[in-house]
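Engineer: Sharing a structure here in structure tokens format.
The values are calculated or read from the model by the stated rules, or taken from the named source; none is laboratory data. Since the model is a prediction, treat every value here as computed from it, not as a measurement. Cβ placement follows ideal geometry from the backbone for every residue including glycine, while neighbour counts extend to all protein chains displayed.
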Amino acid sequence: MFLKNESTRKAASAILLVLTLYLATIAIVRPFGEYPLNDDWSYAKTVKTYVETGKIQLTSWVRMTFLAQMYYGSLFVRAFGFSHLILRVSTMGLTVFTFVVFFLMLRTADISPRRAALGCICLLSNPFFLGNSFTFMSEIPYLFSVLVATLLYSRSCERDAPLWLALLAGMAAGAAMLVRQTAILLPLAAVVSAALSRQRRKTRVWANTLVFSLFPLASLFAFEIWLHLVHGPLPATWQTRHLASFPLVCKHLAEISAVSICYLGLLSAPVTLSFGLFQRDWWKNKRTATVGLVALAALSLYSVIRSAEWTGIPADWRKLSLFSAEWMPYLGNTWFDLKTFGQGPYILKDVIILHHLSAVACPDWIFVVATALSVVMGAAFATILWEGRSKIQRAPTIVRFSVTAALLHLGLLTLQDFYLDRNLLPVFPFALLVLLFVLREDRASRALAGVCACLLYVITVAGVFQYHRWNDARWQAIDYLKKEVGASPHQIDGGFEYNGWMFFDDYFGPPRGDNSWWWVYDDKYIIAFSEIDGCRILRRFPFRSAFPFVSHEILALERKS
């Protein structure tokens, strides 16, 4: 037989299960619409311009390095022609390899094939991961490059490993740098990991670290020279992000600590709850129990501050996200944004500009339950890391690197004046690896892990399904307006993605009259979930919904004369 080793057969079966589940998810969600999603219209513009003209023209909307992803996407466009679907398929292909790389990372940390498969299923069930795997956003290409760099660098630090592994790891880190600038954290993680190494031959480890670090640093240096001398600086549009002020950094330190623990605990529940709950000897330890209670109290206090309107907090203070009177999920853009069901932002005029949320918002009890669960799971997550700290200190390179990289990614968010929920995605694979490395399992915990994983998977897939169905209906409505009503593209407010793709301009200026801010020239025709005063309904476009309490249709509206 080809797979002679029993362990190899188990590993092959485990990763095959994960890939089969992802392919089944594609069949369920059917993400085959020919339209942009979220911010990926801005990336698609760059790829289209490059393939058609040979000129690299970055947009100022997202301000990523992006070049590696642009070249990757252009390979598919040159082979099959330009379409948003082809670019989406390119991301799905990378997603498959991301699962394989993450599985190999878990195996490198000496995690069993069965538990490694659970880790991959948790990643698949993560709403930030699954939703973005069906777009041309930069999240998946960046994560793939980071995980490849992590795997190769960690293996290069093993005994008698060839130096070319560090060379390949550096190339992967350089590719990550040319997707997002945040890959500058990888050399820092390598330096910290090398400093904490317990190997006797540290000279070899430091040599590998040097080779690994040169590529991302050189990539960033070359990009900055190219940007300023060849491409030209990007225009300073209103969405340009800056370093946070000192008061904002202090607020972010508290916020990122609490919010990230809540998200990590909740979305890692199949591991955190199932395996952590059965570490009975841990909970008998007074110090561990104290840490758990302190974490629970701190997160509970944070959730009360975030959600309470009865505390007498001044209205102006509530504009700060720390006092925003919200339930979990605390951060917006990807998951349950503005309490809308599922995956992805609902950036249409009635929802974002007019705040007509009744048609798309979920019942409040869902978010109360999510908040309570995130507090408990977050406290368990923090306690697990505390109790497992001694094991982490003696862990292989890949575990130490994962801890360092996760902390650095979270630390970077505190320095920004703005961040979104999907910015937490790079932390999740590292957190899952550390959890699975630290925790033990038994038969009861495996059964509970399976139940939790199924529940998280169903919720995430339902949300992504919902997002694609209403977008199908939205673009059907836009086609109807253009082909049957005879509307000019300039007369349509089709939402952020439509107008961004059609009319993005660095120098468009502020909204005209009561128009939406997303590059609308004339909103004679509006795509919406609900009726708008002064508009008549031309046609309704129903879609299949995964959730009974929200709107099941998109409206094509026309302003009354």
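Engineer: For residues that are outside any helix (DSSP H, G or I) and of a type in the set (A, V, I, L, M), scanning just the range 393-446, find the one that is nearest to ILE111 (Cα to Cα). Break it down stepwise before answering.
Structural biologist: Let us first name the residues in the range 393-446 that are outside any helix (DSSP H, G or I), namely 394-396, 415-420, 425-426, 439-442.
Add one more test, that the residue is of a type in the set (A, V, I, L, M), and what stays is 395, 415, 420, 425, 439.
Values: ALA395: 12, LEU415: 34, LEU420: 31, LEU425: 22, LEU439: 10 Å.
Filtering the range 393-446 for residues that are outside any helix (DSSP H, G or I) and of a type in the set (A, V, I, L, M), the one nearest to ILE111 (Cα to Cα) comes out as LEU439.
Engineer: Looking at the range 400-407, can you tell me whether even one residue there is farther than 30 Å from ASN333 by Cβ, touching a residue at least 24 places away in the same chain (Cβ under 8 Å) and not aliphatic (A, V, I, L, M)? Before you say what the answer is, go through the steps one by one.
Structural biologist: The initial filter retains those residues of the range 400-407 that are farther than 30 Å from ASN333 by Cβ, namely 400.
Those still in the list that are touching a residue at least 24 places away in the same chain (Cβ under 8 Å) too: 400.
Filter once more, keeping what is not aliphatic (A, V, I, L, M): 400.
Checked the range 400-407: at least one residue is farther than 30 Å from ASN333 by Cβ, touching a residue at least 24 places away in the same chain (Cβ under 8 Å) and not aliphatic (A, V, I, L, M).
Engineer: It is to be established whether one or more residues within the range 513-525 are touching a Pro at 6+ places or on another chain (Cβ under 9 Å), over 30 Å from SER112 (Cα atoms) and among the aliphatic types (A, V, I, L, M).
Structural biologist: yes
Engineer: Residues to consider are TYR43, TYR22, TYR50; find the one that is touching a residue at least 60 places away in the same chain (Cβ under 8 Å) and surrounded by fewer than 23 Cβ atoms within 10 Å (Cβ to Cβ).
Structural biologist: Testing whether each residue is touching a residue at least 60 places away in the same chain (Cβ under 8 Å) and surrounded by fewer than 23 Cβ atoms within 10 Å (Cβ to Cβ) leaves just TYR22.
Engineer: Quick check, is LEU432 under 19 Å from the mean Cα position of the chain (by Cα), farther than 22 Å from TYR302 by Cα and aliphatic (A, V, I, L, M)?
Structural biologist: Yes, satisfied.
Engineer: Among the residues of the range 54-70, how many are part of a loop (DSSP other than H, G, I, E, B) and on the phi < 0 side of the Ramachandran plot?
Structural biologist: So the count comes out to 10.
Engineer: Name the residue, out of LEU152, LEU178, that is closer than 28 Å to THR46 by Cα and not acidic (Asp, Glu).
Structural biologist: LEU178
Engineer: What is the number of the single condition among (1) in contact with a strand residue (DSSP E or B) (Cβ under 6 Å, 6 or more places away or on another chain); (2) at pLDDT 90 or above; (3) within 30 Å of ALA183 (Cβ to Cβ) that PHE381 does not meet?
Structural biologist: (1)
Engineer: Step by step: first the residues of the range 88-111, then only those that are buried (at least 18 other Cβ atoms within 10 Å of the Cβ) and in contact with a Ser or Thr (Cβ under 7 Å, 6 or more places away or on another chain), then the one that is farthest from ARG180 (Cα to Cα). Which residue is that?
Structural biologist: Across the range 88-111, the extreme among qualifying residues is THR108.
Engineer: Condition first: surrounded by fewer than 24 Cβ atoms within 10 Å (Cβ to Cβ) and modelled with pLDDT under 95. Now tell me which residues in the range 127-156 satisfy that.
Structural biologist: Of everything in the range 127-156, just one residue is surrounded by fewer than 24 Cβ atoms within 10 Å (Cβ to Cβ) and modelled with pLDDT under 95, namely ARG155.
Engineer: Among the residues that make up the range 396-405, is at least one of them of a type in the set (A, V, I, L, M, F, W, C), within 29 Å of PRO247 (Cα to Cα) and modelled with pLDDT of 90 or more?
Structural biologist: Looking through the range 396-405, at least one residue is of a type in the set (A, V, I, L, M, F, W, C), within 29 Å of PRO247 (Cα to Cα) and modelled with pLDDT of 90 or more.
Engineer: Residues that are of a type in the set (Lys, Arg) and in contact (Cβ under 8 Å) with a residue 40 or more places away in the chain: does the range 380-389 have at least one? Give the steps one after another, and end with the answer.
Structural biologist: To start, the set of residues in the range 380-389 that are of a type in the set (Lys, Arg) comprises 389.
Those left that are additionally in contact (Cβ under 8 Å) with a residue 40 or more places away in the chain: none.
No: zero hits.
For every residue, the table says whether it meets (1) farther than 20 Å from SER445 by Cβ; (2) of a type outside the set (D, E, K, R); (3) at pLDDT 95 or above.
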site	(1), (2), (3)
GLY81	yes, yes, yes
LEU94	yes, yes, yes
PHE103	yes, yes, yes
ASP110	no, no, no
ARG114	no, no, no
GLY119	no, yes, yes
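Engineer: Return the only residue of GLU52, GLU34 being at pLDDT 95 or above, touching a Ser or Thr at 6+ places or on another chain (Cβ under 8 Å) and over 22 Å from ALA453 (Cα atoms).
Structural biologist: None of the other options fit; the residue is GLU34.
Engineer: So, one more: Which one of these is under 20 Å from ASN423 (Cβ atoms) and either surrounded by fewer than 19 Cβ atoms within 10 Å (Cβ to Cβ) or touching a residue at least 24 places away in the same chain (Cβ under 8 Å) (or both): LEU37, LEU67, LEU17, LEU85?
Structural biologist: Unique residue meeting the criteria: LEU37.
Engineer: Specify the residue that is nearest to GLY342 (Cα to Cα); the eligible residues are those in the range 441-489 that are buried (at least 20 other Cβ atoms within 10 Å of the Cβ) and among the basic types (Lys, Arg).
Structural biologist: ARG469
Engineer: Further, regarding this structure: Find all pairs meeting these conditions: Cβ atoms under 6 angstrom apart; at least six residues apart or on different chains; first residue within the range 114-129 and within 12 Å of VAL271 (Cβ to Cβ); second residue hydroxyl-bearing (Ser, Thr, Tyr).
Structural biologist: SER125/TYR457; SER125/THR460
So that you can scan it fast, the table gives a plain yes or no per residue for (1) surrounded by fewer than 17 Cβ atoms within 10 Å (Cβ to Cβ); (2) modelled with pLDDT of 95 or more; (3) β-branched (Val, Ile, Thr):
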| residue | (1), (2), (3) |
| --- | --- |
| TYR521 | no, no, no |
| ILE526 | no, yes, yes |
| ARG540 | yes, yes, no |
| VAL550 | no, no, yes |
| ILE554 | no, yes, yes |
| LEU557 | no, yes, no |
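Engineer: List the residue pairs whose Cβ atoms are under 6 Å apart, where the first residue sits in the range 518-531 and is over 17 Å from SER561 (Cβ atoms), the second is part of a loop (DSSP other than H, G, I, E, B) and among the β-branched types (Val, Ile, Thr), and the two are 6 or more positions apart or on different chains.
Structural biologist: PHE529/VAL360
Engineer: Just one of VAL191, VAL205 is surrounded by 18 or more Cβ atoms within 10 Å (Cβ to Cβ), out of contact with any Asp or Glu (no Cβ under 6 Å at 6 or more places or on another chain), within 19 Å of ILE392 (Cβ to Cβ) and hydrophobic (A, V, I, L, M, F, W, C); which is it? First the steps, then the outcome.
Structural biologist: Details: VAL191 fails: surrounded by 18 or more Cβ atoms within 10 Å (Cβ to Cβ).
Residue meeting the stated conditions: VAL205.
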